[in-house]
Amino acid sequence: MQAWYAFLTGPALWATFIIFLGGLVIRLTFLYGLSRERDRVFYNHMDWTWGLKSILHWLIPWGSASMRLQPVFSFVFIVFHVGLLAVPLFLSAHNILWDRAFGVSLWSMSDAWADALTMVVLACGVFLLIRRLVRPEVRILTTAWDYTLLGLTLTPFVTGFLAYHQWGPYEWLMILHVLSAEVLLVLIPFTKLGHMVLFFFTRAFIGFEMGARRGARAW
Amino acid sequence: MQKNDGDTRPVDVKKIRELLDANNGARIRTWLSLCSRCGLCAESCFFYLAHNRNPKLSPAYKFKATLGELYKRKGHVDREFLHRCADIVWGECTTCKRCSMYCPFGIDVATLIAATRTILYSQGITPEGLARTVVNYRETGNQMGMSSEDFVDTCEWMAEESQDEIKGVTIPIDKHGAKYMYTVNPREPMFYPQDLAMMAKILTVAEEDWTMPSTGWDCTNLPMFAGDRALAGQVVRNMYEKALELGVQAILITECGHAYRSALFEGPYLAGYPDGKPPVPVVHSVQLFYEYIRDGRITIDPAKKIKEPVTYQDPCNVSRNGGLWEEGRKLVRFLAEDFRDMNPNRDHNHCCGGGGGYIPMGPEYKARRMASGRVKAEQIRATGAKIVIAPCHNCFDQVSDLNKEYQLGVKVMSFKEILCELMVVPEKFRPEVSEEDEGES
Ligand code: SF4
Ligand code: SF4
Ligand code: SF4
């Protein structure tokens, strides 16, 4: 068990980071090359102001007409994303690991905050799951893969939460915690979760297309 | 309704794969792989709203079930499937681009739908109404198959007719070096020649330097909606090249929405101009009319300003996809005292349901067009307006049909018509004969 844990937090973790970052770089480079050849429309109408506006309006809570049409869902999905990023990055236990591995660490949030935020993320996750199940326009689009990815996204949070509270078999939970997080990171560059970075590009494009060319607000 | 009645032609998988591959650029690839299936776009589509929020009408479902599926199956599909796709991409989407503003990733569903149309077209599938126009474009360069002579004759006839009202009206044909080359929708010379007369009167009173070309005068582009990209490029190139040949300063587009979209935004790409810009500037009538009144080249008789409540139909391809929503509104305010906006409006307005080729798709699609137009009908009714101004031929027809179907009790008008009624005709343009009429008013 210990050996497994050591492997997962050692070589496997390094491999994960390499695949995660390398994968994103490869996907972006590939798309860049392809766009140079086939998507002139992207470059012809480039305009930073419109690109940035298009991105910002979708980062600010209720910054777009679409989010305002569905205020509750938008609120949940923003909180969900904030939690997804903040908890793993600013958890003090992770910061200790960062420090040990790289000699640098980020600002840490208090454990109580992290604990609360984890619960919020889980609650949001459940909300999103239920929404997928009950809203016909979402259910019709949903594939098994969407449930899998949602489950996989929540697993590190559930296991981390249980382990922190020492509920259940701690060692198993920790192994599952690290493993699921690694699988998730590895998947990001190759799945729809790539929106983590591609969001900025597709938003910028629609900003150019609707805004720079026509002055229309894509938000 | 697109049905597979007896269509047993084999599917050319190789061709489909070629087109799938040609379309597989960074944008389409990213959009298809990024869609989170969140369903946010559903609310933005009037087809979805008009049909009791039928989930199959959400934009994401429409591209997923068509282009998405074609990629997934790598083109290995049967006729059955292709006809189902046709039903979606022509019957359930007008490529109005509204949904791209409501998707967190800005996925441009209209582009995905248009790509699907080209694939279907390559397999000989396209609504008959559009297929008919394609033949005409190919043979005569315009969608209604009108000959150059007939066109020029109509122009002359209309110029003559107009001289009774405005002295010295002419429709100059192929005049080199004019400021504007005015291009129209063929339904004007074919069925509503008065539209040509009205425009000639306005341009005469504004003392404009303009011309109409004897070829390349059709600014519409239905092959763009039929899925024939090559021909769509040719159609717009005819117009550009004529403008270059005549050495005009700009192409002036009639009150037509998709013509403007074609000439200014999609045309350069269809015709293969690498910088995405038309070789000659393109100006829409709404813009020009607005400038005329703003700059005092046309004066509106204050006593004739419309008193009845007026609303403005933002044609998607003039407003959201053309950028002219403010000009349109200011123009309406010049002409009418009681302007009532629809809600939503401007760049976020709903399509009327007649776009994307829907009107020319003809009577077999009419019932569906009326059903999906419910959203627009309700928008109009809610304003309480008695007049709807629609600076787009397709919107004009659709709103007119909706008016009957939903008993809206409105009158649909174009800017041309109103301008002609309201503009002050300066002394020098008043024909001698009509002096007694002047005395009455
Ligand atoms: S809003 Fe965008 S990401 Fe969400 S389902 Fe629609 S197309 Fe997909
Ligand atoms: S482009 Fe317009 S009609 Fe087509 S799916 Fe989007 S909102 Fe609906
Ligand atoms: S018919 Fe009018 S509203 Fe409808 S797509 Fe064309 S321009 Fe848009």
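Bridges between two residues of the protein assembly as shown, per DSSP, are antiparallel at a rate of about 5%. Note on chain B: dipole from Cβ charges, positive end direction compared against B:V286, B:P274, B:H393; the farthest Cα belongs to B:P274.
Among B:Y260, B:Y365, B:Y71, a tally of other beta-carbon atoms within 10 Å of each Cβ gives an order, fewest to most, of B:Y71, B:Y365, B:Y260. Any chance you could check the Cα centroid distance between region B:46-79 and region A:91-139 for me, in angstrom? Cα centroid to Cα centroid, the span is 34 Å. Under the convention that each Lys and Arg Cβ holds +1 and each Asp and Glu Cβ holds -1, the size of the dipole of chain B around its Cα centre is about 2960 debye. May I ask what percent, to the nearest 5, of DSSP beta bridges between residues of chain B are antiparallel? Percentage antiparallel, nearest 5: 5.
Put in line by how crowded their Cβ is, counting other Cβ atoms within 10 Å and starting with the fewest, A:I130, A:I175, A:I206 read A:I130, A:I175, A:I206. Our summary of shape: the Cα atoms of chain B have principal axis extents of 73, 47, 39 Å, ordered from largest down, in whole angstrom.
If a/c stays under 1.5 just call it rounded; otherwise compare a/b with b/c (prolate if a/b is bigger, oblate if not). Do that for the protein assembly as shown, with a ≥ b ≥ c from the square roots of the Cα gyration tensor eigenvalues. Prolate, since a/c reaches 1.5 and a/b exceeds b/c. Net charge within 10 Å of B:Y61 by Cβ-Cβ distance, Lys/Arg positive one each and Asp/Glu negative one each, not counting B:Y61 itself? In short, +2. Each residue of region A:188-196 was assigned a 3J(HN,Hα) from its phi angle through the Karplus curve 6.51 cos²θ - 1.76 cosθ + 1.60 (θ = phi - 60°); the sequence is 3, x, 9, 10, 4, 5, x, 4, 3 Hz, with glycine and proline shown as x. The charge dipole of region B:111-246, taken about its Cα centre with unit charges on the Cβ of Lys, Arg, Asp and Glu (plus for the first two, minus for the last two), comes to roughly 760 debye.
Comparing region A:69-219 with the 2.2 N^0.38 Å rule of thumb, its C-alpha radius of gyration ratio is 1.21 (two decimals). Other residues whose C-beta falls under 14 angstrom from the C-beta of B:L402 contribute a net charge of +4, scoring Lys and Arg +1 and Asp and Glu -1. Using a ≥ b ≥ c from the Cα gyration tensor of region B:59-101 (square roots of the eigenvalues), is it rounded, prolate or oblate, where a/c under 1.5 gives rounded and otherwise the larger of a/b and b/c decides, a/b for prolate? Oblate shape, in that a/c is at least 1.5 and b/c is the bigger or equal ratio.
Proximity of backbone amide H atoms, modeled 1.01 Å from N, is registered between B:K411 and B:I387, B:V388 at under 5 Å, excluding neighbours fewer than 5 places apart on the same chain. Peptides A:41-47, A:13-19 ranked from most to least packed give A:41-47, A:13-19, packing being the mean of other C-beta atoms within 10 angstrom over each peptide's residues. No solvent, one uniform scatterer per C-alpha: report log10 I(q)/I(0) for region B:257-344 via the Debye equation at q = 0.16, 0.26 1/Å, two decimals. The Cα Debye sum returns log10 ratios of -0.71, -1.25. Residue farthest toward the positive end of the dipole of chain B, with Cβ of Lys/Arg at +1 and Asp/Glu at -1: which of B:G124, B:N345, B:F265? Of the options given, the answer is B:G124. Pairs from the list B:K304/B:K366; B:K179/B:K305; B:K14/B:K277; B:K167/B:K305; B:K15/B:K72 with a Cα-Cα gap above 26 Å: B:K304/B:K366; B:K179/B:K305; B:K14/B:K277.
For B:K74, the aspartates and glutamates whose Cα falls under 20 Å of its own Cα, not counting residues fewer than eight places away in the same chain, are B:D12, B:E18, B:D21.
By definition, a body whose alpha carbon gyration tensor gives a ≥ b ≥ c is oblate when a/c is 1.5 or more and a/b is not larger than b/c, and region A:1-80 fits this oblate description. For the protein assembly as shown, a simple Cβ point-charge model (Lys and Arg +1, Asp and Glu -1, everything else neutral) yields a dipole of about 2960 debye relative to the Cα centre. Which is farthest toward the positive dipole end of the protein assembly as shown among B:P363, A:A15, B:L112, measuring Cα position about the Cα centre, with Cβ charges +1 (Lys, Arg) and -1 (Asp, Glu)? Ranked along the dipole, the leading option is A:A15. Using θ = phi - 60° in the Karplus curve 6.51 cos²θ - 1.76 cosθ + 1.60, the 3J(HN,Hα) couplings for region A:49-59 round to 4, 5, x, 5, 4, 4, 6, 4, 4, 9, 9 Hz; x is entered for Gly and Pro.
Counting neighbouring beta carbons within 10 Å and listing from fewest to most, the residues A:D115, B:D347, B:D314 come out as A:D115, B:D347, B:D314. For the pair region B:147-225 and region B:313-387, the centres of their Cα atoms are 26 angstrom apart. Distances between placed amide hydrogens fall under 5 Å for B:V282 paired with B:I251, all partners being 5 or more residues away or on another chain. By the rule of a C-alpha distance below 26 Å, with chain neighbours fewer than 8 residues away ignored, the lysines paired with B:K307 are B:K201, B:K330, B:K376, B:K386, B:K404, B:K411, B:K416. Percent of Cα pairs in region B:1-133 per distance bin of 5 Å, from zero to the largest separation: 2, 11, 22, 23, 20, 14, 7, 2, 0. The string of couplings for region B:238-252 from the Karplus curve (6.51, -1.76, 1.60, θ = phi - 60°) is 3, 6, 4, 5, 5, 5, 5, 4, 7, x, 7, 7, 7, 9, 9 Hz, one whole number per residue in order, with x for Gly and Pro. What is the sum of charges around B:I359, taking Lys and Arg as +1, Asp and Glu as -1, for the other residues whose C-beta is under 11 Å from the C-beta of B:I359? Every neighbour counted, the sum reads +1. Please list, by residue number, everything in region A:1-28 whose backbone N is under 16 Å from a paramagnetic label point 7 Å out along Cα→Cβ of A:E171. Label zone hits: A:1-9.
Every number here is computed from the coordinates shown, using simple stated rules; none is lab data. Since we're looking at a predicted model, the values are computed, not measured. Neighbour counts are summed over all protein chains in view; Cβ atoms, including those assigned to glycine, are modelled from backbone coordinates with ideal geometry.
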